[in-house]
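Read through the structure below, which is laid out as structure tokens, and then see the notes.
The numbers here are math on the coordinates, done by the rules we state, and not lab data. Please read all numbers here as calculations on a predicted model, not as lab measurements. Cβ: placed from backbone, ideal geometry, glycine included. Neighbour counts: every protein chain shown.
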Amino acid sequence: MPGLKAGAAPPGRFGAVLAPEPRLNGRGRFAPYVIGTVLLLLAGVTGGFALYAALVDEPTTGFLAFLAVAAPCGALLRRLGRSDAEPGRREAVATVLLTWLLAPLVSTVPYLVDLRLPFDQAVFESMSGFTSTGATVLTTFETLPRSLLLWRAVTQWMGGIGIIVLFVAVFPQLSIAGRQMFFTELPGVSDERVTPRLRSTAAAVLSVYTGLTVLCTAAFALRGMPFTEALGHALTTVSAGGFAMHGDGLARYLDPGIEWTAVVFMLVAGLSMPLLWRALSGRPGLLLRNAEVRVYLGVAAAATIVLTLLLRDEDGSLPWRQGVFHAVSVITTTGYSTSDFAGWAEPAQAVLLVLMLVGGSTGSASGGVKVLRWLVIAKHTVREVRRVLHPRAVLPVRVGSTIVPEEVLRAVAAFITLYVGLVVSCTVALVMLGTPFVEALTGSLACIGNVGPALGALGPYASYADLHPAAHYVLAFGMFAGRLEVVTVFVVFLPGWWRLPRQSPLAWWRPKRR
């Protein structure tokens, strides 16, 4: 094909596929540059928190220890990398995995130093932060330094924007979990290389993400919440994280206005950030015309009605505020709670479990399977049922006005299969480690779906601290895999992943063929 380099893959209908050709500039330099940049960014943020902690007379040892680890490692890795390096498919996936693994591991330092948490609990808490899960091993909040609680919220905010950029810029290019049909038409992104796409996409979604955070902070502050707490809750609301500044969360304030403010921003943050950017750029009609948005809002409304009816008081009054708050909190996987739903009637708990599986919109920081995937699977299932009556009919699967390609259907089906398999595997592992079945199942769903609170002894006002130490590692892996679309993680278990390309610098020992 004219205009393409030898060995390069031609651009497909849904965006360019990263080709593993050997002539890409800077091969092997993309991963260290990105990881080093992330570590330096974290070091800069943590340095600011060290200064803040010193000013308010709170412990700084943990933050300084983090700086001592992250800053030199980040500088070294960034020096080894190249900013203009273009990765192949294997290196791009490896960069994603290593970044989301190393950042939480390095960020265990403040938990280990200041809170004296065991390593397994520190890993769990840190992974919960960067994956915007919101599950916690902390059992007391009132005696903790405000600076550490705010830093904990910032890790969720950074994890949220990081995963959005991956979802809309990198994963579609790699055809991961069916994402090649989404976001490839993002305005202002015409270059098929990864690096320019990351920069332009990051600028677009960061502007929306930051704007929502500022507005949410102001709204909480106007309701009388102290500024530090307003900022902390805004960071974890927009990122769908759910880390609170108090053990009883937003229920502490006993203010319906704060709850309704949280509902509005959780619901908006559960929408696609690129879609919001396009709507705010002069095309507001895109929101209501989008099939995923309509289903997302419809499911949230239906769940609100059902929960409200199931939770009605003995005198027949309907707790609408409680119903809508928890329906929105769980479907967006934020995980806030104003009441202990671990003690609700089982029908109401069943509704919450369904919402945990649904998740928010594609392109948001929400976890779960995502609404669009369920929509694709539902339409695919209807088609297969119709095919029984019309075996020779041509029955394309449509989402809105878009025909879903067969390769996307296969990718979505594979994603859901792996997702369910991971939930089952984590549940069995937790049961084997002595966790009761209800806690094992709902804890696995809550962590893999990045929701946070589960049922039973892992409810919204409880803690994951009492689990077996190995269970913390199991659930931390579940958060990691769920956040990175499962398929991305399981690809490393394929034997072919570990076979070095023939042109790799590490493959010098291979004999040349004559």
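Going by C-beta contacts inside 10 Å, put Glu58, Glu485, Glu384 in order with the fewest on the left. Each step should come with its number before you reach the end.
Values: Glu58 17, Glu485 23, Glu384 11.
In order of increasing Cβ crowding within 10 Å: Glu384, Glu58, Glu485.
Under Stokes-Einstein, with the Kirkwood radius over Cα pairs standing in for Rh, what whole-number D in µm²/s applies to segment 362-514 at 10 °C and 1.306 mPa s? After rounding, the answer is 86 µm²/s.
Per-residue extension of 0.36 nm, minus the Cα-Cα distance of Val424 and Arg321, leaves a gain of 33.7 nm for this segment. From the Cα gyration tensor of segment 299-345, with a ≥ b ≥ c the square roots of its eigenvalues, which class applies: rounded if a/c is under 1.5, or else prolate if a/b is larger than b/c, or else oblate? Oblate shape, in that a/c is at least 1.5 and b/c is the bigger or equal ratio. Pairwise over distinct Cα atoms, reciprocal of the mean inverse distance: report the Kirkwood radius of segment 61-173 in Å, one decimal place. Its Kirkwood hydrodynamic radius stands at 15.4 Å.
A simple spin-label model places the labels of Leu206 and Leu98 2.2 nm from each other, with each point 7 Å out along Cα-to-Cβ. Counting beta carbons within 10 Å around each of Cys447, Cys216 and listing the fewest first gives the order Cys216, Cys447. The ranking of Phe437, Phe493 by Cβ neighbour count inside 10 Å, starting from the fewest, reads Phe493, Phe437.
By definition, a body whose alpha carbon gyration tensor gives a ≥ b ≥ c is oblate when a/c is 1.5 or more and a/b is not larger than b/c, and the chain fits this oblate description.
Of Gly81, Thr143, Leu67, which is farthest towards the positive pole of segment 59-150's charge dipole, taken about the Cα centre with +1 and -1 on the beta-carbons of Lys, Arg and Asp, Glu respectively? About the Cα centre, the residue reaching furthest to the positive side is Gly81. Pairwise Cα distances in segment 389-454 exceed 15 Å in 66 percent of cases.
A simple charge model with +1 on the Cβ of Lys and Arg, -1 on the Cβ of Asp and Glu and nothing else charged puts the dipole of segment 320-399 at about 660 debye relative to its Cα centre. Here's how it looks for Arg398: its modeled amide H is under 5 Å from those of Val404, which are all 5 or more places away or on a different chain.
With K and R counted +1 and D and E -1, the other residues having a Cβ less than 10 Å from that of Gly459 yield a net charge of -2.
In this simple spin-label approximation, Phe437 and Phe227 carry label points 7 Å from Cα along the Cα→Cβ vector, and these lie 5.3 nm apart.
The Cα trace of segment 234-329 gives Rg and Dmax of 15.3, 48 Å, the first to one decimal, the second as a whole number.
Under the convention that each Lys and Arg Cβ holds +1 and each Asp and Glu Cβ holds -1, the size of the dipole of the chain around its Cα centre is about 3080 debye. Percentage of Cα-Cα pair distances in segment 457-500 greater than 16 Å, rounded to whole percent? Tail of P(r) above 16 Å: 56 percent of Cα pairs. The simple spin-label model puts a point 7 Å past each Cα toward its Cβ; for Ala465 and Trp260 those points are separated by 3.7 nm. Charge dipole of segment 341-452 (Cα centre as origin; +1 on each Lys and Arg Cβ, -1 on each Asp and Glu Cβ, all else neutral): 600 debye, rounded to the nearest 20. Per residue, the convex hull spanned by the Cα atoms of segment 426-491 measures out at 70 cubic angstrom.
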